[in-house]
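The values are calculated or read from the model by the stated rules, or taken from the named source; none is laboratory data. From a predicted model like this one, the values you see are computed outputs, not experimental measurements. Note: ideal-geometry Cβ built from the backbone for every residue, glycine included; neighbour counts use all protein chains shown.
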Amino acid sequence: MGRRKPEQDPLTPWEAYQAKQARAKKKAAKLKLPAVSQLRARHRQRNLALVLTPLVILLAFFGYMVSPWARVASVSVTGTTNVPIQSVIDASKLDDAKTILGMQLHRRDFLKRIARQVPELRQVSVSVSGLNRVVLHVKEYTPVGYVQQKGRYRLILENGALMQDSTATPVNNYPVFTGFDAKAATSLAKAVRKFPAAVRRTVSEVKATRGGGNPYQITLTMTDGNTVVADSRTVAKKISYYPAIVAQVKTKGTVDLEVGAFFTPYAK
């Protein structure tokens, strides 16, 4: 029989602990010292960046706020046709004492104020060009005609507002409403805008004649030389007969749409 290999005596707990410590020291010895130094340097840089970055941002912010770049340098307006540009700028109350940041923080109230003070505007928006040049973008309500007041003509807009500025003579191809207050003129102007385009372009003047006991009677002067008598409540529907009626006659006269629809030549 072969001789059995003698078994090793098991390590005591203290000897096992000492062996584990020896292995850990041997493993740590293999770690290069330069790698430890680089790791510590990166940690220092990261901690320094975490501290300095907020400070740099705060310094940049305060530096910007006290610089001329933070304040409004100029205000321009785009999209105006009838509303004076200066009226929009005055309503904005922007000047070089106001800051861009302050305007942006109160953008909604700022735009509401302009719309309230300039009712001729349908829509207002704002943008900043460059660092501090403010641009106001506006859309106006569509003009629907002129109303004559004290010998002057003022544009009526589709929302019922009257333009503040007036003119001695109409300068655009909109009908003139005579004998109406602003509310009635606006309502009738909206009715005229429903006319077929070819007919609407020939309407030169609309008068409140109120004849024949009808308080709603109106008279339209047409640029083709004819006259239309109608009821303001039904004219938007009945005006569609006008082209067919004048196409059947060879002279100028009055087209009566108040009750029926018939033509009367002018008396020679």
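Which members of region 132-173 meet the condition of being more than 30 Å from residue 73 (Cα to Cα) and of a type in the set (D, E, K, R)? 150, 152, 154, 158 - these are the residues of region 132-173 that are more than 30 Å from residue 73 (Cα to Cα) and of a type in the set (D, E, K, R).
Taking residue 109 as the residue in question, decide whether it is in contact (Cβ under 8 Å) with a residue 24 or more places away in the chain, out of contact with any Asp or Glu (no Cβ under 9 Å at 6 or more places or on another chain) and over 21 Å from residue 219 (Cα atoms). Write out each step before concluding.
Working: in contact (Cβ under 8 Å) with a residue 24 or more places away in the chain: no; out of contact with any Asp or Glu (no Cβ under 9 Å at 6 or more places or on another chain): yes; over 21 Å from residue 219 (Cα atoms): yes.
So residue 109 fails the test.
Residue 189 versus (1) modelled with pLDDT under 85; (2) under 22 Å from residue 80 (Cα atoms); (3) aliphatic (A, V, I, L, M): which is the lone unmet condition? (1) is the only condition that residue 189 fails. For the criterion of being among the aliphatic types (A, V, I, L, M) and modelled with pLDDT under 90, residue 101 passes. Taking region 195-209 as the range and being of a type outside the set (S, T, N, Q) and either over 18 Å from residue 258 (Cβ atoms) or in contact with a Lys or Arg (Cβ under 6 Å, 6 or more places away or on another chain) (or both) as the test, the residues that pass are 196, 197, 198, 200, 201.
Residues that are more than 41 Å from the chain's Cα centre (by Cα) and not hydroxyl-bearing (Ser, Thr, Tyr): does region 234-243 have at least one? Walk me through how you get there before you give the answer.
Filtering region 234-243 down to residues more than 41 Å from the chain's Cα centre (by Cα) leaves none.
Looking for residues that are more than 41 Å from the chain's Cα centre (by Cα) and not hydroxyl-bearing (Ser, Thr, Tyr), one finds none in region 234-243, hence no.
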